[in-house]
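Engineer: This is the structure I want to talk about, given as structure tokens.
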């Protein structure tokens with residue numbers, strides 16, 4: 001079920017508290033494909049809150065991230081050789097290498113060209129909106 005594109009409330013708290021693992025330019029930011037059975041929960045804060053097995057394929061690092069006037073953007077991304085359940089959501093998070101500290105940033109499930117998609121072993125390319133990924 002679509003929830004609309006949202007910035008996680010716990011991420012907003014991290015920004016307001018100036019936590020070091022909230023910076024989108026100085027940390028590794030990734031995007032993951034999520035299957036249709038995963039639902040948005042405003043109380044989630046870290047990657048370990050996402051249901052085991054809900055991530056389809058391998059999360060990809062967002063390269064050349066920028067933050068300008070509150071607008072977050074990055075290069076387009078391609079997931080290679082993806083198979084599995086239907087994908088309906090993109091999950092942006094800050095990867096620390098440990099799910100219990102990898103902070104959830106954004107849930108994007110509307111306005112994405114090509115979603116939903118049922119993987120068939122081929123590549124899935126994500127082209128971000130020309131105006132950026134999201135803005136605070």
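The values are calculated or read from the model by the stated rules, or taken from the named source; none is laboratory data. All figures in this text were calculated on a predicted structure; none of them were measured in a lab. Note that each Cβ is placed from the backbone with ideal geometry, even for glycine, and that neighbours are counted across all protein chains shown.
Engineer: Taking into account only those residues within segment 58-79 that are assigned to a loop (DSSP other than H, G, I, E, B) and closer than 24 Å to residue 44 by Cβ, which is modelled with the lowest pLDDT? Outline the logic, then answer.
Structural biologist: So in segment 58-79, the residues assigned to a loop (DSSP other than H, G, I, E, B) come out as 62-65, 69-70, 74-76.
If we keep only those that are closer than 24 Å to residue 44 by Cβ too, we end up with 62, 65, 70, 74.
Numbers: 62: 98, 65: 96, 70: 91, 74: 96.
The qualifying residue modelled with the lowest pLDDT is 70.
Engineer: Return the pairs, sorted by first residue and then second, in which the second residue is loosely packed, with under 11 Cβ neighbours inside 10 Å and part of a helix (DSSP H, G or I), the first residue lies in segment 15-27 and is free of Cβ contacts under 8 Å to residues at least 60 places away in the same chain and on the phi < 0 side of the Ramachandran plot, the beta carbons are less than 9 Å apart, and the residues are 6+ apart or on different chains.
Structural biologist: Here the result reads 26/20, each pair linking segment 15-27 to a residue that is loosely packed, with under 11 Cβ neighbours inside 10 Å and part of a helix (DSSP H, G or I).
Engineer: Looking at segment 4-26 only, could you name the residues that are under 14 Å from the mean Cα position of the chain (by Cα) and in a loop (DSSP other than H, G, I, E, B)?
Structural biologist: Of everything in segment 4-26, those that are under 14 Å from the mean Cα position of the chain (by Cα) and in a loop (DSSP other than H, G, I, E, B) turn out to be 4, 5, 8, 24.
Engineer: Take segment 87-118 and flag every residue that is under 11 Å from the mean Cα position of the chain (by Cα) and at pLDDT below 95.
Structural biologist: So the first thing to find is which residues in segment 87-118 are under 11 Å from the mean Cα position of the chain (by Cα), and the list is 89-95, 103-109.
Scanning segment 87-118 gives a single hit, 109.
Engineer: I need a count of the residues in segment 80-114 that are outside any strand (DSSP E or B), touching a residue at least 12 places away in the same chain (Cβ under 8 Å) and out of contact with any helix residue (DSSP H, G or I) (no Cβ under 9 Å at 6 or more places or on another chain).
Structural biologist: To start, the set of residues in segment 80-114 that are outside any strand (DSSP E or B) comprises 80-86, 96-102, 109-114.
With the extra rule that they be touching a residue at least 12 places away in the same chain (Cβ under 8 Å), the set shrinks to 80-86, 96, 99-102, 109-114.
Next, only the ones that are out of contact with any helix residue (DSSP H, G or I) (no Cβ under 9 Å at 6 or more places or on another chain) stay: 80-86, 109-114.
Count: 13.
Engineer: Look through segment 27-53, keep the residues that are touching a helix residue (DSSP H, G or I) at 6+ places or on another chain (Cβ under 8 Å) and not in a loop (DSSP other than H, G, I, E, B), and return whichever of them is farthest from residue 66 (Cα to Cα).
Structural biologist: Among those that are touching a helix residue (DSSP H, G or I) at 6+ places or on another chain (Cβ under 8 Å) and not in a loop (DSSP other than H, G, I, E, B), it is 48.
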